[in-house]
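Coordinate-derived values only; no laboratory data. Since the model is a prediction, treat every value here as computed from it, not as a measurement. Here Cβ is always computed from backbone atoms with ideal geometry, including for glycine, and neighbour counts include all displayed protein chains.
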Amino acid sequence: MNWLSHISDFALLFFDATLWEVTGRSLFVSLMATLISMNLGLILARCLLQAHSRWAKFFDALLGAFVAIPAVVIGLLALLFFTSSIFKESQITLTIVPMMLAQALLLTPLAATLCLGALRTHFKLIGEELVSLGASNSAMFNVLIRECWPTLIATSILVLSRGIAEVGTVLIIGGNVEGRTQVLTTLIAEKARIGIYEQAIALSLILIIIALILSLVVRTLQKRFET
Amino acid sequence: MRAASVQFSNITVDLRGATRLHGLTHTLSGTGITALVGSNGAGKSLLLKVLHGLIPITRGQVRWAKDLAGERRALMRQQPDFLRRSVQENLVFALEINGWKSNQARVRSEEMLDWMQLEQSANLMANTLSPGERSRLAMARALAIEPAVLLLDEPTASLDPESALAMESVISFVQDRGTKVILVSHSLGQVRRLASDVLMLDQGQSIFFGPTDKFFSNPGNPRASAFLHGAGFSLDEAV
């Protein structure tokens, strides 16, 4: 292998506008999916926080199981949904909107499980005190959110990391259309499939750099929270 | 402040498969300080939480006097928890969730900080306070909302003797203003100094209820007498 050629390929890639367009699209899709899933996750966490019924426990366990659901399954379900008769006239398929929504669907169980864990931890610490002070359920939830915001920020970054690194959902629902639905992971898959490994590796490095930055942010937040 | 009274009839509380309170039936007067005494695990703190509505009653009922309906009750827990905010913000929060407007809450919190000699710590994070300061902050938070009934769970447990006496004078002052105080204490000296009546629990059952003088002179119950002896009290001895 000619390593000089690889390095020059990698360097040239940084001057390629398409790369930045694809990276930007990747970040946008995953950021929006994270935003949606965190909101849904917090709503679910609020419903389950003080619920003790059998149904609540069952739903709690179900959420945990859905965390491990394969991305391609969610992609397939989303594809069937968005190609159904409801969306026949809407031209929504092969745009980033269903990609965002499908990814949000994939990420919501993870977001809800992590948010619920964080809220429960803080509820155990200060829940009884808040009730004894006379806090209503909504006031208590708002306080808990405020008390554990560093954990929730770290959670959203973990959710974003999972979103930006996944390929199954966005490939199935988006179709990897150049200039429209192509994101970093689908582009890597395409380059690897047609044998342009140098570019696939270079793109992977960019993905790794993004993941490292996100991980660094999580660690910094956790350290700050601990102090 | 209004006088309040609380009547509880046949209160039974089951927790985790065991009965922790067995059919307690008493009427506490609307004024003065009622002390709850007993060994560890007797159910004193549990009864306080039941009275505050934190723990549901399995059987029986607690009936507050009509003039108390809608009045505020405050509980100072043995190990109080605070929000990850400053000392003053903790007070402001407690006031705001009890209906105080933001600017009024701030003024009231400053008054309470002055009273509890915490004004120098107003901007410190509450969780960095010493145990004694935490107790004073918890008391300030409980009193800030001007409760008609004050439920205190060992308020001087983590205080040095001087601070404990200062806290006792606060409790007396509050009681003098008409607030009903229900106090859990392991310090029988403190009970003797402060309480007007005593309710003694033993394994979730009431074994004595009556005036403080009678409790220390002739409780009329062998277990209560043994408890007093064990605590270094001889009957009729003033401590």
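Things to note:
- What separates the Cα centres of segment A:39-107 and segment B:164-218 is a distance of 57 Å.
- Kirkwood radius and radius of gyration were both taken over the C-alpha atoms of chain B, and their ratio Rg/Rh is 0.97.
- The relative contact order of chain A comes to 30 percent, based on Cα pairs under 8 Å that sit 6 or more residues apart.
- Value in Å of the Kirkwood radius, where segment B:137-239 supplies the Cα pairs that are averaged: 14.6
- In segment B:164-218, Cα pairs under 8 Å separated by at least six residues give a relative contact order of 23 percent.
- Between 0 and 90°, nearest 10: helix B:161-176 axis offset from chain B longest Cα axis: 90
- Taking every DSSP beta bridge that has both ends in chain B, the antiparallel portion is near 55%.
- For the protein assembly as shown: rounded, prolate or oblate by the Cα gyration tensor [a/c cutoff 1.5]: prolate
- Those trypsin sites (Lys or Arg not before Pro) in segment B:88-156 that DSSP places in a loop and that have at most 11 other beta carbons within 10 Å: B:Lys101
- Selected from B:Met116, B:Gln203, B:Ile171, residue furthest toward positive end of dipole (chain B; charges at beta carbon): B:Gln203
- Calculated over segment B:18-153: convex hull of Cα atoms, volume per residue (Å³): 137
- Distance from the Cα centroid of segment B:39-101 to that of segment B:120-140 is 19 Å (rounded to whole angstrom).
- For chain B, averaging the sequence separation of C-alpha pairs within contact (under 8 Å, six or more residues apart) and dividing by the residue count gives a relative contact order of 27 percent.
- Dipole of segment A:2-226, positive end: most advanced residue of A:Ile173, A:Leu31, A:Asn142 [Cβ charges, Cα centre]: A:Asn142
- Between amide H atoms placed 1.01 Å from N, distances below 5 Å from B:Val198 occur with B:Ala35, B:Gly210, B:Thr212, all of them 5 or more places distant or on a separate chain.
- Helix A:149-165 vs. chain A, principal-axis angle (Cα, 0 to 90°, nearest 10): 30
- Packing-based ranking, highest mean first, of B:181-191, A:135-145, A:53-63 given that Cβ atoms within 10 Å are counted: B:181-191, A:135-145, A:53-63
- For chain A, calculated [θ]222 nm from helices alone, where every DSSP H run of n ≥ 4 adds -39500 (n - 2.57): -27500 deg cm²/dmol
- Fraction of alpha-carbon pairs over 23 Å apart in segment A:107-193 - percent: 45
- Convex hull volume per residue in cubic angstrom - Cα atoms of segment A:113-161: 61
- Normalised by 2.2 N^0.38 Å, where N counts its residues, the alpha-carbon radius of gyration of segment A:2-226 equals 1.18.
- C-alpha long axis of helix B:87-96 to longest principal axis of chain B, angle in °: 80
- Cβ-placed point charges (K, R +1; D, E -1), dipole of chain B about Cα centre in debye, nearest 20: 840
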